[in-house]
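Bear in mind these aren't lab numbers, they're just calculated from the coordinates by the rules spelled out. Predicted model only: the values in this text are computed from it and were never measured. All Cβ positions, even for glycine, are placed from backbone atoms using ideal geometry, and neighbour counts span all protein chains on display.
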Amino acid sequence: DAGVIQSPRHEVTEMGQEVTLRCKPISGHNSLFWYRQTMMRGLELLIYFNNNVPIDDSGMPEDRFSAKMPNASFSTLKIQPSEPRDSAVYFCASRLLRDRGETQYFGPGTRLLVL
Amino acid sequence: AQKVTQAQTEISVVEKEDVTLDCVYETRDTTYYLFWYKQPPSGELVFLIRRNSFDEQNEISGRYSWNFQKSTSSFNFTITASQVVDSAVYFCALTLYNQGGKLIFGQGTELSVKP
């Protein structure tokens, strides 16, 4: 079975450019999470969706970040405009929402470098 | 506030040695879930184990074992007869029943197993 799919795997862009990260959750999963990993802050939750509805976006750093989940098979995380401090690895994770402690399965991550 | 502490930043062992990775968590909630994830050099996050707060049974899976002790708020991970392929960063994480699934990660322990 396919796991969580993320694209692109690597992205290098210049400050001020728009960046769009994509995620396809595991088929049948109905809960999706976006995390960011940096050396300084470790792994932190940005936003999560249940049944395509954003539930908690308190971790989104600022208005430059936005996330959507138009359907159960696809989500995007957009940064506009990007800044060097956005450089990080962005992970998408999905789970089947049966109980609140269900395991989240992570994608391979997108390594973003903003110059 | 909830917190996960992995006090060991780096551990280096020689192959076939046993090694224990410590994890201490803080929460006032009575219902919560604990996880361990492995992040090998390739960068993905691999799920290892999930435990709920009502299940204090220790678990063994091959060379891996986990010791959950609520009395000390610890969820330690032991690798027996370590192998070079065990070299990775290991993360302990906590989620609360009433937080909808947000994972709170420790800072990770980098394990290096030398031949």
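Modelled spin-label separation between A:Leu97 and B:Arg28, with each label point placed 7 Å from Cα along the Cα-to-Cβ direction: 2.7 nm. Computed about its Cα centre, the charge dipole of chain B is approximately 260 debye, with only Lys, Arg, Asp and Glu carrying charge at their Cβ. Across the options A:Ser73, A:Gln17, A:Tyr35, the greatest Cα extent toward the positive end of the charge dipole of the protein assembly as shown (unit charges at beta carbon of Lys, Arg, Asp, Glu) belongs to A:Ser73. Ellipsoid semi-axes for the stretch B:53-105, based on the Cα gyration tensor and the rule √(5λ), read 24, 15, 9 Å when sorted largest first. Mind scanning B:Lys38/B:Lys114; A:Lys24/B:Lys3; B:Lys70/B:Lys114; A:Lys24/A:Lys78 and naming the pairs with a C-alpha gap bigger than 25 Å? Pairs exceeding the cut-off: A:Lys24/B:Lys3; B:Lys70/B:Lys114.
Sites counted here are GluC sites (Glu not before Pro) in a DSSP loop (not H, G, I, E or B) having no more than 15 other Cβ atoms within 10 Å; the longest part of chain B that contains none of them is B:57-115.
Evaluated over the Cα positions of the stretch B:1-64, the convex hull gives a direction-averaged projected area, one quarter of its surface, of 5.8 nm².
One decimal place: the segment A:Arg9-A:Glu44 gains 10.7 nm when fully extended, by the rule 0.36 nm per residue minus the C-alpha distance.
Normalised by residue count, the stretch A:1-44 yields a Cα convex hull volume of 113 Å³ per residue. For A:Thr20 and A:Glu83, the difference between the fully extended length at 0.36 nm per residue and the C-alpha to C-alpha distance is 21.3 nm. Computed over chain A, the alpha-carbon pair-distance distribution with 10 angstrom bins reads 15, 50, 29, 6, 0, each value a whole percent. The residues A:Ser58, A:Ser73, when put in order of fewest to most other Cβ atoms within 10 Å, stand as A:Ser58, A:Ser73. Percent of Cα pairs in chain B per distance bin of 5 Å, from zero to the largest separation: 2, 12, 24, 25, 19, 11, 5, 2, 0.
DSSP bridge analysis restricted to chain A gives an antiparallel fraction near 90%, rounded to the nearest 5. Per residue of peptide B:7-15, the mean number of Cβ atoms on other chains within 10 Å of the residue Cβ is 0. Taking the Cα of A:Ser58, stepping 7 Å toward and past its beta carbon, and measuring to each backbone N in the stretch B:77-109: which are under 14 Å? B:96-104, by backbone N distance to the label point.
Loop sites by DSSP among the trypsin sites (Lys or Arg not before Pro) of chain B, restricted to those with at most 11 other Cβ atoms within 10 angstrom, leave B:29-115 as the longest stretch without any of them. Expressed in units of 2.2 N^0.38 Å, where N is the residue count, the Cα radius of gyration of the protein assembly as shown is 1.02.
Packing here is the average count of other Cβ atoms within 10 Å per residue, and on that basis the peptides A:14-21, A:76-83, A:101-108, highest first, run A:101-108, A:76-83, A:14-21. Note on A:96-103: average number of Cβ atoms from other chains within 10 Å of each residue's Cβ is 6.
Charge dipole of chain A (Cα centre as origin; +1 on each Lys and Arg Cβ, -1 on each Asp and Glu Cβ, all else neutral): 260 debye, rounded to the nearest 20.
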